[in-house]
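The values are calculated or read from the model by the stated rules, or taken from the named source; none is laboratory data. Keep in mind the model is a prediction, meaning the values are calculated, not measured. Using ideal geometry, Cβ is built from the backbone for each residue, glycine included, and neighbour counts are taken over all protein chains shown. When the accessible area is computed, the model is the full protein with side chains, heavy atoms only, and any ligands, DNA or RNA have been set aside. Shrake-Rupley method; radii C 1.70, N 1.55, O 1.52, S 1.80 Å.
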Amino acid sequence: MCALALLAWMIVRSAAPRDSAEVHESTDSRALQAALVAWTLAPEPTSVHVTAAFAPAARERQWLRALARAGVRVSWSRDSLPATAIEVAERTDPAGGVRAYIAAPAGTRATLSDAVGLIDTIAITPGANALSLPVTAGALDLLVRGQHARAAAPDSILPRQVVVLGRAGWEGKFIMAALEERGWKVSSRLRVGPNVFVTQGTPIALDTAHTGAVIALDSSAAQYASAITTFERSGGGVVLAGDAPLAAPLRALAPGRTGTRVAAASLAFASANPRRALGFFPIVASAGDAVPLESRDGRVVAAARRAGAGRVVQLGYDETWRWRLAGTGDAPAAHRDYWSAVVSAAAYRATKPASNAGPAGDAAPLASLYADLGAPGTPPAAALSITPGLRWWMFALLALLLLAEWGSRRLRGAR
Amino acid sequence: MTPTFTFATAQYESGDWDSAPLVPPNIIDTIARYTEIPVTPAGVIVSLASPDLLRYPLLYLTGHLPVRFTDSERRQLREFLERGGMLFVDDHNHDVDGVFHKTATEEITRTIGEPKPLPNTHPLYSAFFKFTDGPPTTSHELNGWGDNLVHKNLFAVMREGRIAVLYSSKDYSSEWGYHPDSKRFQSVDNTKFAVNIVVYALTA
């Protein structure tokens, strides 16, 4: 009988690992790591299930993947794990800094921190949540309902000068003023008479070592078309403003043809969309690779395209200075931001590796979890779970039953 | 082609803002004569208190009499200057002891800041024609009228590295106050400095 009991125990013991399942509530990284260690050491379970209160780190996800590759059925489910993501991109702006794009469930509150400490608390709205951060230290950490997402600091941009070419006029003057006030270094060569130019800085250095972008104010810039084209093909940015693409040599670069000028309907600058009060040259017959950037009443005002290694932005406006002077609110600041953004969109990006990028982390933890472990599943049925404790209880029950059977047989003749 | 430059004369409630009516056509003629800057054939008069001020980024102001801006004139002018406009003020009295100079500089100081001497090496003096000795003298200075001084410098209030207010005690308003056709009787065109002021305003 003892031999029978021993045999039964050995059967249970040998069969247990192959039929066992583990369900783990991952409350913190250390507990999950401990469970992973236990699952990995013999006897390993046939299936494990992680109920994630937080998204496991990359190391733990890889460990779970390794278990799956070793034949263990790995599944996971989540309770209230928020879908979060953070993306950080450098700004092509003389002020430097980064732009952080944040995704999280709408209505939640997120905190954004860097190596120094808390930067901001953000109420997440539906759609894009983007922040411009002039100064950051190391990686950015996004925290939403206890879930961290982390993105390393990007390389920083080395801004180059902006060269302004065209006729002397208020548009050129106020574009230069706006860019300089935003910190751009501006060189210019403005025509005031036949072979008479007013020059500022070193506008002839049309190469990406010195210049990030060229602004052609009007068709008179066509005389530099060859240099502008070479510059653009080598990675430089070009902004073709007003009627500049009317000049044949610049037309080949432009995202579209320049249509007949639409006069300003009025000079009343509404605060909601102040550029509606400006006259413009519509962009017609766009090139196949052109991307419209701004439209008015179905007509494209701004478009961009890549040609060679550089980028070209075509802007139909030729009197944005009126917005700066006569616009409502802080129109000069809006005008500065607009022109800085236009130049940034086109400008050549020379980068310097981030000196303190910070430790790498999961920029989108939940998405990484899906990528590594697939879609969430249900935990294994409880009846199939044979834990070590249950195993001993079963053995005890079996031994008790054997004892009862033995006793029954012994006492059968006693009556 | 869209006209890009319109000469604007400032009208203010006090004083004699219209004391030099021949200056605008003379300067317009000079701009058209020496440059290819598209220029509106006739100048405009714009009230300092009017929002229309913000349509003309270069403004000319002169007079003989005391200048006292109203609150709305001062507010509008400050807005104009802070947004990047440039004001050229010329003392038609050519007299630093005169009422125009004393009141106009006081009003400018109250509005945007105190005018300071402009170095004679400033880019204004090489914006188009070269004036290596600084601002050109006027016949009124040389003939001893007004304050009997030859003013070595113009004055300026700077904003963001640019001239916001250019102040002259040299009486260019008298010097340039003649019909444009009379230029042919002069051996040297004395309005050339006006080209520098306009070109500087348009390019700096």
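General observations
- Cut-off under 5 Å, modelled amide H: who pairs with A:VAL262 long-range: A:PHE280, A:PHE281
- The value of relative contact order for chain B, using C-alpha pairs under 8 Å at least six residues apart, is 24 percent.
- Most tightly packed first, judged by the mean number of other beta-carbon atoms within 10 Å of their residues, the peptides A:316-325, A:342-351, B:104-113 read A:316-325, A:342-351, B:104-113.
- Relative packing of peptides A:283-295, A:397-409 - highest average C-beta neighbours within 10 Å first: A:283-295, A:397-409
- For the protein assembly as shown, the equivalent ellipsoid derived from the alpha-carbon gyration tensor has semi-axes of 80, 25, 19 Å in decreasing order.
- For A:VAL74, the residues whose amide H sits under 5 Å from its own are A:VAL48, ignoring neighbours fewer than 5 places away on the same chain, with H placed 1.01 Å from N.
- Once the 1.4 Å probe is applied to the protein heavy atoms, region B:8-203 comes out at 41 Å² accessible per residue.
- Heavy-atom accessible surface of B:LYS116, to the nearest 10 Å², is about 110 Å², with a 1.4 Å probe and all protein chains retained.
- The Rg/Rh ratio of region B:141-188, with both radii computed over alpha carbons and Rh defined as the Kirkwood radius, is 1.09.
- Phi angles of region A:102-115 translate, via the Karplus equation with coefficients 6.51, -1.76, 1.60 and θ = phi - 60°, into HN-Hα couplings of 10, 10, 6, x, 4, x, 7, 10, 10, 10, 10, 10, 10, 5 Hz per residue; Gly and Pro are given as x.
- 3J(HN,Hα) from dihedral phi, region B:187-204, Karplus parametrisation 6.51/-1.76/1.60, rounded to Hz, x for glycine, proline: 6, 10, 6, 7, 9, 4, 5, 4, 4, 4, 5, 5, 5, 4, 4, 7, 10, 9
- Neighbouring Cβ atoms from other chains, within 10 Å of the Cβ of residues in A:192-199, number 5 on average.
- According to the Kirkwood relation over distinct C-alpha pairs, the hydrodynamic radius of region A:158-353 is 16.5 Å.
- Spin-label pair A:ALA404-B:PHE185: with each label point 7 Å from Cα along the Cα-Cβ axis, the two points sit 13.8 nm from one another.
- In whole percents, the pair-distance distribution calculated for region A:92-196 from its alpha-carbon pairs, binned every 10 Å from zero, is 13, 32, 21, 18, 12, 5, 1.
- Full-stretch length increase - A:ALA31, A:ALA227 - with 0.36 nm per residue and alpha-carbon distance subtracted: 64.2 nm
- Over region A:159-246 - Rg/Rh using Cα atoms and the Kirkwood inverse-distance radius: 0.93
- Overall, the accessible surface of chain A at a probe of 1.4 angstrom is composed of carbon and sulfur to the extent of 58 percent.
- A cut-off of 5 Å between modelled amide H atoms, ignoring neighbours fewer than 5 places along the same chain, links A:ILE215 with A:VAL163, A:VAL164, A:LEU165, A:VAL239.
- Peptide B:75-84 is shielded by partner chain Cβ atoms: per residue, an average of 3 of them sit within 10 Å of its Cβ.
- Placing unit charges on the Cβ atoms only, positive for Lys and Arg and negative for Asp and Glu, gives the protein assembly as shown a dipole magnitude near 3320 debye about its Cα centre.
- Positive end of the dipole of chain A (Cβ unit charges, origin at the Cα centre): among A:GLY327, A:ALA247, A:ALA123, the Cα lying farthest that way belongs to A:ALA123.
- Threshold 40 Å² - residues in region B:170-204 whose accessible area is reduced by that much or more when the chain is no longer isolated, probe 1.4 Å: B:LEU202, B:THR203
- In the B-A interface, the accessible area buried, summed over both sides, Å² (probe 1.4 Å): 2300
- The angle separating the long axis of helix A:2-19 from the principal Cα axis of greatest extent in chain A is about 10 degrees.
- The alpha carbons of region B:8-203 stretch over 45, 38, 30 Å along the principal axes, in descending order.
- Residue by residue along A:179-188, Cβ atoms of other protein chains within 10 Å of the local Cβ number 1 on average.
- 15 Å Cα-Cα reach of A:LYS352 towards aspartates and glutamates, excluding residues that sit fewer than 8 places from it in its own chain: A:GLU90, A:ASP93, A:ASP155
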